[in-house]
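To start, the structure itself, in structure tokens.
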Amino acid sequence: MWEQLIWGALLPGAISAAIWAYCIKPWKRDAVPRAGGSLAIAMGYIFGHVAIEAPYVGGDVVAWLPFFAVFGAALGIIEFTIEFTMAKHAAAIIIIKLAVSFLLAFAILYLLPALRDGESGVFLITLAATAILSFMVWFAAARFAESVSGPIPGFYLWLCAAGSAGIILQSGNAKLAQLLGACAAGVAPSAICGFFSKAPLHSRGSTATFFIIYNSAITIALFFGDLPKMSAVFMGAAPAAGFVIFPVMLKYRGASHAHPRWTYAAGFLSIAAMLGAAYALLPKSEPTGY
Amino acid sequence: MFTRSIIVKTILTLCAASSAVFCLSKSELAPAAAAFAPGENDYTVDAVHSSVNFRVKHMGVSYSYGRFNSISGSLTFDEKAPEKGSILIEVKAESIDTNSEGRDKHLKSPDFFNVKQFPTITFKSTSVKKAGEKMYEVTGDFTLHGVTKPVTFKAEHVGSGKGRDGGRLCGFDALARIKRSDFDMKYSLSALGDEVDLHIGIEAVQADKK
């Protein structure tokens, strides 16, 4: 138990914290985040994954996750360094995220013989639906996470990953839950570092790794681990709902700059509601248990 | 303009590569129309009278037993020339049965068998050696969890005879021990033992009589 906690939570947390701290340099005044967020989450996750799963490269779908994390880190850095005018930047980010969502969904679904060897139409529809939903979660949540400063974005992302890990554990996918826990541990330091950064900590590209791992874990649990469809939808909607609540409520209230505390609470409640619904939709365990 | 061109080209390349891989796999999967004319020594596995069982240590104090309910395959066996024999066994991983619905569900998940990705477990013999009176060592490629490794079964030829419809029958009882970690099935090695004992009982019917 302690060993699991050390390798699955403390190790990824420590590695991620070190990279986050180096990137934002909280010991300096007016700390500004650099393009290290995606790298911090990726490195934390990769070390956690290898420690949990032992250093082997298998053909199992779960063994793909650290490679996705590397991909996410590279993407985050590319996204950070893209220099466009605002309009072109937004279009480029949409295209890149959409293409990556399709590619990842394809990489996961292609490992399912029943789907791969079945009707092409079914495969393509499933691929499109999975990729588009994944893109929507990623795009909506990342957009708001990147625009909010302080510890809240990091806390929300941690809450989504940790809560989803618990739900996936209850759905009978312990290994996947543990790995999503490593992802949660990797993002947790950003909540602490958020206290030291005046600019949004999850700046451009920083959330790429997180959402690639998060969306992939849910997709794997859904298609390989019998996670109920609606639970997967609610888990996917949780981070988006948590962040979208900010501008929606601020627009309603007419505020434009400060984020009143009640909006933070509303965001927290919307995430909790989504995860609660996902949990409630899990099939009930046998009376005798296992 | 140049950057936009690169992005568009990248996306088109990704889409083209994905489509190519998808189409290629489809064409590879087209079944070959192999003509099979069963010989006198060719048998088909009788799923009703055959079974694949296993046992694994639980918490180091006891053995938990399980079985697979879906088995198929074929074998060639000539008692006068056993070294010319061969066997192919295919088991549906989805059919695992340990007398606990919750445990079976967990065993089917990516924590263990990952049955959605790896739906079949197969054994294809590569050599048969006589190892005593009615005893044989059957070595072959054992594929579990997407990993193929050589495994040797100690098989006993239980008997041969005629079935009710007049066709020839033959039966074997085979034992082997594998390490699940060799097949990248490493979850919870502290609670569930690494070594798994396999016990296969086969009854086969002459192929043209099946």
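Looking at this structure, is B:ASN69 open to solvent by less than 20 Å² (accessible area, probe 1.4 Å) and touching a residue at least 24 places away in the same chain (Cβ under 8 Å)? Working first, answer last.
On the way: open to solvent by less than 20 Å² (accessible area, probe 1.4 Å): no; touching a residue at least 24 places away in the same chain (Cβ under 8 Å): yes.
Spelling it out, it is not the case that B:ASN69 is open to solvent by less than 20 Å² (accessible area, probe 1.4 Å) and touching a residue at least 24 places away in the same chain (Cβ under 8 Å).
What single numbered condition from (1) facing another protein chain (nearest Cβ under 9 Å); (2) more than 20 Å from B:VAL56 (Cα to Cα); (3) touching an Asp or Glu at 6+ places or on another chain (Cβ under 6 Å) fails to hold for B:GLY102?
Against the list (1) facing another protein chain (nearest Cβ under 9 Å); (2) more than 20 Å from B:VAL56 (Cα to Cα); (3) touching an Asp or Glu at 6+ places or on another chain (Cβ under 6 Å), B:GLY102 comes up short only on (2).
Looking only at the range A:157-176, count how many residues are more than 9 Å from every other protein chain (Cβ to nearest Cβ) and among the charged types (D, E, K, R). Please lay out each step first, then the result.
Narrowing the range A:157-176 to residues more than 9 Å from every other protein chain (Cβ to nearest Cβ): A:157-170.
Within this subset, residues satisfying the condition of being among the charged types (D, E, K, R) are none.
Residues meeting the conditions: 0.
For the structure I just gave you, tell me whether A:SER164 is crowded, with 21+ Cβ neighbours inside 10 Å, touching a strand residue (DSSP E or B) at 6+ places or on another chain (Cβ under 7 Å) and in contact (Cβ under 8 Å) with a residue 12 or more places away in the chain. Spell out the reasoning first.
Values: crowded, with 21+ Cβ neighbours inside 10 Å: yes; touching a strand residue (DSSP E or B) at 6+ places or on another chain (Cβ under 7 Å): no; in contact (Cβ under 8 Å) with a residue 12 or more places away in the chain: yes.
No; evaluated as a whole, the condition is false for this residue.
Run down A:ILE108, A:ILE93 and say which single residue is more than 7 Å from every other protein chain (Cβ to nearest Cβ), touching a helix residue (DSSP H, G or I) at 6+ places or on another chain (Cβ under 9 Å) and modelled with pLDDT under 90.
Details: A:ILE108 fails: modelled with pLDDT under 90.
Going through A:ILE108, A:ILE93 in turn, the sole match is A:ILE93.
Could you grab me the full set of residues in the range B:112-127 that are hydrophobic (A, V, I, L, M, F, W, C) and open to solvent by 20 Å² or more (accessible area, probe 1.4 Å)?
Going residue by residue through the range B:112-127, those that are hydrophobic (A, V, I, L, M, F, W, C) are B:112-113, B:115, B:118, B:121, B:123.
Selection gives B:PHE113, B:PHE118.
Among the residues of the range B:152-168 satisfying the criterion of being part of a strand (DSSP E or B) and in contact with a helix residue (DSSP H, G or I) (Cβ under 9 Å, 6 or more places away or on another chain), which is farthest from B:SER50 (Cα to Cα)? Please lay out each step first, then the result.
Initial filter on the range B:152-168 (part of a strand (DSSP E or B)): B:152-162, B:168.
In the following step, the residues that additionally are in contact with a helix residue (DSSP H, G or I) (Cβ under 9 Å, 6 or more places away or on another chain) were identified as B:157, B:168.
Details: B:HIS157: 14, B:ARG168: 16 Å.
Per the criteria, the residue is B:ARG168.
Name the residue that is modelled with the highest pLDDT, counting only residues in the range A:250-290 that are more than 14 Å from chain B (Cβ to nearest Cβ) and surrounded by fewer than 10 Cβ atoms within 10 Å (Cβ to Cβ). So that I can check it myself, show each step before the final result.
Taking the range A:250-290 and keeping what is more than 14 Å from chain B (Cβ to nearest Cβ), we get A:250-281.
Subset that is surrounded by fewer than 10 Cβ atoms within 10 Å (Cβ to Cβ): A:252, A:254, A:256-258, A:261.
Working: A:TYR252: 57, A:GLY254: 52, A:SER256: 50, A:HIS257: 54, A:ALA258: 59, A:ARG261: 72.
Per the criteria, the residue is A:ARG261.
Being of a type in the set (A, V, I, L, M), under 18 Å from B:ALA174 (Cβ atoms) and within 14 Å of chain A (Cβ to nearest Cβ) is the requirement here; does B:ILE71 meet it?
On the way: of a type in the set (A, V, I, L, M): yes; under 18 Å from B:ALA174 (Cβ atoms): yes; within 14 Å of chain A (Cβ to nearest Cβ): no.
Considered against the rule, which asks whether it is of a type in the set (A, V, I, L, M), under 18 Å from B:ALA174 (Cβ atoms) and within 14 Å of chain A (Cβ to nearest Cβ), B:ILE71 comes out as no.
Do you know which of the residues in the range A:179-238 that are part of a loop (DSSP other than H, G, I, E, B) and modelled with pLDDT of 90 or more is surrounded by the most Cβ atoms within 10 Å (Cβ to Cβ)? Walk me through it before giving the result.
Taking the range A:179-238 as the starting set, the residues that turn out to be part of a loop (DSSP other than H, G, I, E, B) are A:198-207, A:225-228.
From what is left, the residues that are modelled with pLDDT of 90 or more are A:225, A:227-228.
Working: A:GLY225: 26, A:LEU227: 28, A:PRO228: 16.
Among residues in the range A:179-238 that are part of a loop (DSSP other than H, G, I, E, B) and modelled with pLDDT of 90 or more, the one surrounded by the most Cβ atoms within 10 Å (Cβ to Cβ) is A:LEU227.
Among B:GLY146, B:GLY132, which is of a type outside the set (D, E, K, R), under 16 Å from the mean Cα position of the chain (by Cα), modelled with pLDDT under 95 and open to solvent by 30 Å² or more (accessible area, probe 1.4 Å)?
B:GLY146
Going by the structure shown, is B:LYS162 basic (Lys, Arg) and modelled with pLDDT of 95 or more? Walk me through how you get there before you give the answer.
On the way: basic (Lys, Arg): yes; modelled with pLDDT of 95 or more: no.
Answer is no for this residue.
The values are calculated or read from the model by the stated rules, or taken from the named source; none is laboratory data. These figures come from a predicted structure and were not determined experimentally. Ideal geometry is used to build each Cβ from the backbone, glycine not excepted, and the neighbour counts take in all protein chains shown. These accessible areas exclude ligands, DNA and RNA; they are computed on the full protein's heavy atoms, side chains included. Shrake-Rupley method; radii C 1.70, N 1.55, O 1.52, S 1.80 Å.
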